[in-house]
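Take a look at the structure set out below.
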Amino acid sequence: MMNLHSWGHFLKYNFWVFLLVAGDLMYAQDSPPCIPVVLDGFTTEWPSLEKTSDTSAMVVTCTDALGDGKDIDITAIQVTNDENNIYFRIVFNKPYPLGENNSLFLELDTDNNPATGYRLNGIGCELGWQFGQRLGYYKDSETADLTPHKDLGFSFVPPFTAREYEVALSLNAEPKPGIKLFRSDTIKILLWDRIEGGELVPDIGKQFTYILHRNCRNAVVLPKIKTRQENAFRILSWNIYNNGITDSTRSQDFYKVLQLLKPDIISFIECWKTSAREVDSILKIILPGKWFVKKYGEGIILASRFEIKNVIPVNPGANENIVGFKLQIGNEELMFFSCHLSCCYFDAERIIETQALMAIINKEATYQDGKIKMPIILAGDFNIVGSAIPYENLTTGRLHLSQKPILRDLVPVQTDRPFAITWRDYNKIFSPARLDYIFYSPVNLLPVHSFILNTSLLSRETLLETGLDPNIMSRCSDHLPLVADFQIIKRK
């Protein structure tokens, strides 16, 4: 549920000034007047939900009465934009599964002409995006064309059931080759539940208008790709898609990324046919020095500069791609969990798997009085879609001995755009999503830097500096690597 998301951030957003130490993000007061949106599913950077009559405002809000929908009851929509995207905040009366099994449409009149597109509630909609079917319909003639998310730059977060969502569309979207979607700066917006008696926002006979701010720039300063601090350790969590590091067509790209990032602890996911010995041999060549490498289950490989003292199965006999490793970092022990939860529609399995994770944390890393024995990190591909219960199991504390939250969602951000998206496959019907996470225990771990490495929109200067190219991450995997530097908070 989105009311849990305030716990998910290391520090809360401020509307104009924001600092996130873990990601080195800062919103500067002297930036142009653009709301500092980060597409992460946390909406605290958005202003309060009060109806806006000024359609030229930086953020425009349309509110709706409670109880006037049938299956869906929307209370508000907010809209803003930056130099690359238009963003929508959609607020429901109660948690609702936006990404599946619904008939909700986002309708947009993008040429400010009621005579073109679909005629709905007095506006002419060129684009209709059907959330439940994960498809768009673009109409600029007598017939409509199916339009996939990749042609629209469409994303939404979170991918699980929530009360609030953030949605992004690219301002450079081309539903047809060479045809721009946004041909007018004046946009009319409609949310429509296409069933009898379904929700309609705004109400019948009313219009919701937003005017694009073409000179606006997002005030978020994106995290830098830099080496870790000397007094910190760096973790890398990466689903490498089907043995990527030993795939002859991709391995050189992986080597280049690993040599740039220089992690101390690496959690590789989907090492189905890759052995610990192979990974150890590779790392000793590209990142010389001592490595401790263990494989567990079908596809988890952990490589660590620090001694692996113990391997602790989390879900034996079921999904064994979830495992805990006790590492020795100087005089401190660290409990590190590599996680690859069940995919797709297996909500029940993910609930059981997160229950098992918390049970192991209670047993291995918690005193009887509920205090934490050692630093804890959970990293990997959590596949949390559908039910929000797995996320809540990890972040609310309801399954911990203390009955208090002990884990925080780090929420790193991409290096080339203000998105927390970690997975994308433009050949699939599912739009880019946040599937990979790093959770940590804030009582004894301080995140000092973090990022999701993406290169497709990096500046030429940064590409030359890093030796990467715009397409390297797409060649490597459908998942992006998550990087975080932590300091251990010494016990008093």
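The values are calculated or read from the model by the stated rules, or taken from the named source; none is laboratory data. The shown structure was predicted, so the numbers you read here are calculated from the model rather than taken from an experiment. Note that we place each Cβ from the backbone using ideal geometry, even for glycine, and neighbour counts take in every protein chain shown.
Values for this structure:
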{"read-out": "Members of the range 165-178 found to be surrounded by fewer than 24 Cβ atoms within 10 Å (Cβ to Cβ) and in contact (Cβ under 8 Å) with a residue 12 or more places away in the chain, listed by number", "value": "TYR165, VAL167, SER170, LEU171, ASN172, ALA173, GLU174, PRO175, LYS176"}
{"read-out": "Filter result (in contact with a helix residue (DSSP H, G or I) (Cβ under 8 Å, 6 or more places away or on another chain) and not in a loop (DSSP other than H, G, I, E, B)) within the range 395-441", "value": "THR395, ARG408, ASP409, PHE439"}
{"read-out": "When residues of the range 80-116 are limited to those that are in contact with a Cys (Cβ under 8 Å, 6 or more places away or on another chain) and not polar (S, T, N, Q), the one surrounded by the fewest Cβ atoms within 10 Å (Cβ to Cβ)", "value": "GLU83"}
{"read-out": "In the range 265-301, residue farthest from CYS339 (Cα to Cα) [restricted to those that are among the acidic types (Asp, Glu) and in contact with a helix residue (DSSP H, G or I) (Cβ under 9 Å, 6 or more places away or on another chain)]", "value": "GLU278"}
{"read-out": "GLY386 vs. criteria among the small types (Gly, Ala, Ser), more than 23 Å from PRO447 (Cα to Cα) and either crowded, with 17+ Cβ neighbours inside 10 Å or not assigned by TED's automatic domain parsing to the domain that holds HIS449 (or both)", "value": "yes"}
{"read-out": "Residue tally, condition under 24 Å from ASP264 (Cβ atoms) and buried (at least 21 other Cβ atoms within 10 Å of the Cβ), over the range 312-348", "value": "14"}
{"read-out": "Filtered residues of the range 234-268 (kept if surrounded by fewer than 23 Cβ atoms within 10 Å (Cβ to Cβ) and in a strand (DSSP E or B))", "value": "ARG234, LEU236"}
{"read-out": "Residue in the range 374-383 that is at pLDDT 95 or above, more than 17 Å from GLY41 (Cα to Cα), in contact with a His (Cβ under 9 Å, 6 or more places away or on another chain) and assigned to a loop (DSSP other than H, G, I, E, B) present", "value": "no"}
{"read-out": "Yes/no for SER304 being of a type in the set (Gly, Ala, Ser) and touching a helix residue (DSSP H, G or I) at 6+ places or on another chain (Cβ under 6 Å)", "value": "no"}
{"read-out": "Pairs where the first residue, in the range 98-127, is without any contact (Cβ under 8 Å) to a residue 60 or more places away in the chain and the second is of a type in the set (A, V, I, L, M, F, W, C) and in a loop (DSSP other than H, G, I, E, B), C-beta under 7 Å, 6+ apart", "value": "GLY124/ALA115; GLU126/LEU181; LEU127/LEU181"}
{"read-out": "Tally of residues being free of Cβ contacts under 8 Å to residues at least 60 places away in the same chain, surrounded by fewer than 23 Cβ atoms within 10 Å (Cβ to Cβ), closer than 23 Å to LYS428 by Cα and not polar (S, T, N, Q) across the range 129-147", "value": "6"}
{"read-out": "Residue within the range 272-280 that is under 23 Å from PRO375 (Cβ atoms) and either outside the structural domain of GLU364 (by TED's automatic domain parsing) or part of a loop (DSSP other than H, G, I, E, B) (or both) present", "value": "no"}
{"read-out": "All positions within the range 57-88 that are touching a residue at least 60 places away in the same chain (Cβ under 8 Å), polar (S, T, N, Q) and farther than 29 Å from VAL413 by Cα", "value": "none"}
{"read-out": "Per-region count, the range 281-305, residues in a strand (DSSP E or B) and modelled with pLDDT under 95", "value": "0"}
{"read-out": "The range 179-198 - residue that is at pLDDT 95 or above and part of a loop (DSSP other than H, G, I, E, B) and, of those, surrounded by the most Cβ atoms within 10 Å (Cβ to Cβ)", "value": "LEU181"}
{"read-out": "Enumerated strands (runs of 3 or more DSSP E) restricted to the range 306-372, each holding at least 3 residues that are under 27 Å from the mean Cα position of the chain (by Cα)", "value": "322-329, 332-340"}
{"read-out": "Strands (runs of 3 or more DSSP E) fully within the range 88-150 counting 1 or more residues that are more than 23 Å from ASP203 (Cα to Cα)", "value": "135-139, 144-147"}
{"read-out": "Some residue of the range 425-440 being under 27 Å from ASN231 (Cα atoms), at pLDDT 95 or above and of a type in the set (A, V, I, L, M)", "value": "yes"}
{"read-out": "Answer residue from the range 205-233, given it is of a type in the set (Val, Ile, Thr) and not in a loop (DSSP other than H, G, I, E, B) and is farthest from ILE189 (Cα to Cα) among those", "value": "VAL220"}
{"read-out": "Qualifying residue in the range 444-458 (condition: in a loop (DSSP other than H, G, I, E, B), under 15 Å from LEU39 (Cβ atoms) and touching a strand residue (DSSP E or B) at 6+ places or on another chain (Cβ under 8 Å))", "value": "yes"}
{"read-out": "Check on TYR391, surrounded by fewer than 18 Cβ atoms within 10 Å (Cβ to Cβ) and among the hydroxyl-bearing types (Ser, Thr, Tyr)", "value": "no"}
